[in-house]
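Taken together, the values in this text are just the output of simple stated rules run on the coordinates, not laboratory data. What you see is a predicted model; the values in this text were computed from it and never measured. Glycine also receives a Cβ, built like all others from the backbone with ideal geometry; neighbour counts cover every protein chain displayed.
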Amino acid sequence: MTLIKSISGIRGTIGGKTGENLTPVDVVKFTAAFASLIKQNLQKENCKIVVGRDARISGPIVKNLIISTLQASGCDVIDIDLATTPTTEMAVIKHQADGGIIITASHNPKQWNALKLLNNKGEFIDAKQGKALLELAEKEDFNFAEVDKLGKYTKDDHALNYHIDKIFELPYVNIEKIKSLRIKILADAINSVGSIAITGLLDRLGLEYEILNGDLSGNFVHNPEPLEKNLTETINTARKINADVTFVVDPDVDRLAIIDETGKLIGEEYTLVAIADYILQKKKGDTVSNLSSSLALGDVSEKHYVSWHQSAVGEVNVVKKMKEVSAVIGGEGNGGVILPELHYGRDAIVGIALFLSFMAESGKKVSEIRAMYPDYYMSKNKIELSNPESISKILDKIEKHFENYKINKEDGVKIMMDKEWIHLRKSNTEPIIRIYTESTSQARADELANQVIEIAEKILS
């Protein structure tokens with residue numbers, strides 16, 4: 001069982017010992033630290049915090065602990081309850097709140113949960129704030145409110161409508177064209193908040209759709225990471241009902257994968273690539289993705305005569321780079337689309353709206369859109385870590401082995417070759433080293449990955 005503290009939030013498995021898992025004591029401690037951090041930044045005794053959660057089984061318990069701790073810390077709470085990560089981010093903006101807490105472990109299995117922490121812009125807190133939070137939690141020197149200064153509680157049942165309203169105001173979302181589409185849509189909501197979010201969007205667009213895994217039980221019927229190996233039932237259902245397009249989201253709906261009309265997954269990397277192509281047809285500007293994302297976004301950027309930039313992995317790092325270069329579109333190759341004109345956060349709901357706009361305006365099928373882009377193939381692997389000290393040894397060995405190539409050490413080690421690359425980095429969310437490779441054939445991508453895995457395993461043995 002595990003408790004991970006990083007810039008991606010406080011993430012752990014439910015149950016077990018305090019300090020080793022995400023127990024009630026840990027939830028209270030880190031929530032109190034967050035409240036203290038916000039009040040220190042504001043230099044006042046109270047604050048206003050938005051709280052939302054996905055449909056995980058542990059969600060209600062964790063939410064109640066968080067809300068009580070925030071109120072005890074003198075913070076007013078706006079509870080939007082079941083909501084996607086991007087909806088919670090948008091709610092911070094809507095309420096002009098001082099911060100937000102999203103209760104979700106994203107793509108992790110149901111035994112996990114997490115506190116994702118937002119600043120007053122509805123964006124993830126940065127590394128500096130994250131470090132300060134961990135220091136406050138370690139000291140446990142919290143100053144709770146006296147009885148007459150306890151925080152107030154308010155419920156907001158309209159956060160999703162606000163989110164969709166703002167999506168519909170975007171100049172890139174062609175509502176009338178989308179409404180004219182005569183297509184059948186399937187959406188896999190993994191028994192979490194994607195069910196209410198996607199339904200809310202598609203109902204307002206008047207489109208024909210079916211929801212697969214659409215209850216709010218938090219019982220994930222397959223591994224919740226939207227990868228092809230986890231989507232056998234989804235693909236079979238898409239083929240059975242002859243769906244023209246299938247949208248697959250993770251439990252908190254910040255990642256989007258797309259299946260074409262033949263039942264073929266176009267690849268989560270190509271979600272951002274296709275949507276970036278659509279946006280760049282409307283507005284020119286630079287693009288950003290992280291170091292583990294596909295070269296295909298670079299090719300699309302080149303086609304539109306704009307620059308492509310890469311950042312360290314992690315949404316906060318992508319957002320920082322996007323702001324630096326004034327990017328018009330960005331995100332991560334895991335299906336995360338960030339459109340700054342809406343908000344600086346990965347958002348599968350706006351991704352669906354933009355992709356439907358692309359289909360409607362181009363008159364193309366999903367497979368035809370995918371065929372517009374070059375073929376790259378990825379191999380995504382990981383190595384479990386029992387000893388964190390082995391990380392630096394592995395990275396040093398890989399760097400030396402590939403010393404004749406261009407190497408980027410901004411986030412782990414990335415070896416860049418002609419139309420292919422290798423990237424090794426420690427995960428922010430799990431006790432593993434991630435090994436991503438990409439090339440122009442699957443065999444070559446796998447070969448590169450196997451070379452790296454062989455070197456790493458020798459060090460670990």
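Kindly identify the range 3-156 as rounded, prolate or oblate by the Cα gyration tensor criterion: order the square roots of the eigenvalues as a ≥ b ≥ c, call it rounded if a/c is under 1.5, otherwise compare a/b with b/c, prolate if a/b is larger, else oblate. Note, shape of the range 3-156 comes out rounded. With a ≥ b ≥ c the root eigenvalues of the C-alpha gyration tensor of the range 377-460, is it rounded (a/c under 1.5), prolate (a/b larger than b/c) or oblate? Judged from the Cα gyration tensor, the range 377-460 comes out prolate (a/c at least 1.5, a/b above b/c).
For the chain, the mean residue ellipticity at 222 nm estimated from helices alone is -12000 deg cm²/dmol, where every DSSP H run of n ≥ 4 contributes -39500 (n - 2.57) and the total is divided by all residues, rounded to the nearest 500.
Centre-to-centre separation between the Cα atoms of the range 290-357 and those of the range 72-118: 22 Å. Across all Cα pairs in the range 163-370, the calculated P(r) in 10 Å bins from zero up to the longest distance comes to 9, 38, 38, 14, 1 percent per bin. Straight Cα distances below 18 angstrom link Lys393 to the aspartates and glutamates Glu384, Glu403, Glu410, Asp411, Glu454, Glu457, with same-chain residues fewer than 8 positions distant left out. Proximity of backbone amide H atoms, modeled 1.01 Å from N, is registered between Ala55 and Val193 at under 5 Å, excluding neighbours fewer than 5 places apart on the same chain. Only beta bridges with both residues in the chain are counted; by DSSP, about 55 percent of them are antiparallel. Remark: the range 234-242, residue by residue, has Karplus-estimated 3J(HN,Hα) of 4, 5, 4, 5, 4, 5, 4, 9, 6 Hz, where x stands for each Gly or Pro and the curve is 6.51 cos²θ - 1.76 cosθ + 1.60 at θ = phi - 60°.
Does the chain classify as rounded, prolate or oblate by the C-alpha gyration tensor (a ≥ b ≥ c root eigenvalues; a/c under 1.5 gives rounded; else a/b over b/c gives prolate, otherwise oblate)? It comes out oblate by the Cα gyration axes. Near Cys47, the amide H atoms lying under 5 Å from its own belong to Cys75, Asp76; only residues 5 or more places off or on other chains count, and H is placed 1.01 Å from N. The Cα center of the range 231-282 and the Cα center of the range 387-461 differ in position by 28 Å. Taking a cut-off of 14 Å between Cα atoms, list the aspartates and glutamates near Lys303, but don't count ones fewer than 8 places away on the same chain. Within the straight-line limit of under 14 Å, Lys303 reaches these aspartates and glutamates: Asp277, Asp286. Scoring 156-168, 182-194, 309-321 by mean Cβ neighbours within 10 Å over their residues and listing the highest first yields 182-194, 309-321, 156-168.
Peptides 55-64, 130-139, 216-225, 102-111 ordered by packing proxy, namely the average of other Cβ atoms within 10 Å per residue, highest first: 102-111, 55-64, 216-225, 130-139. Here's how it looks for Tyr153: its modeled amide H is under 5 Å from those of Val77, which are all 5 or more places away or on a different chain. Quote the FRET efficiency, to the nearest 0.05, computed for Thr199 versus Ile57 with a Förster distance R0 of 22 Å and r equal to the Cβ-Cβ distance. Approximately 0.55, to the nearest 0.05.
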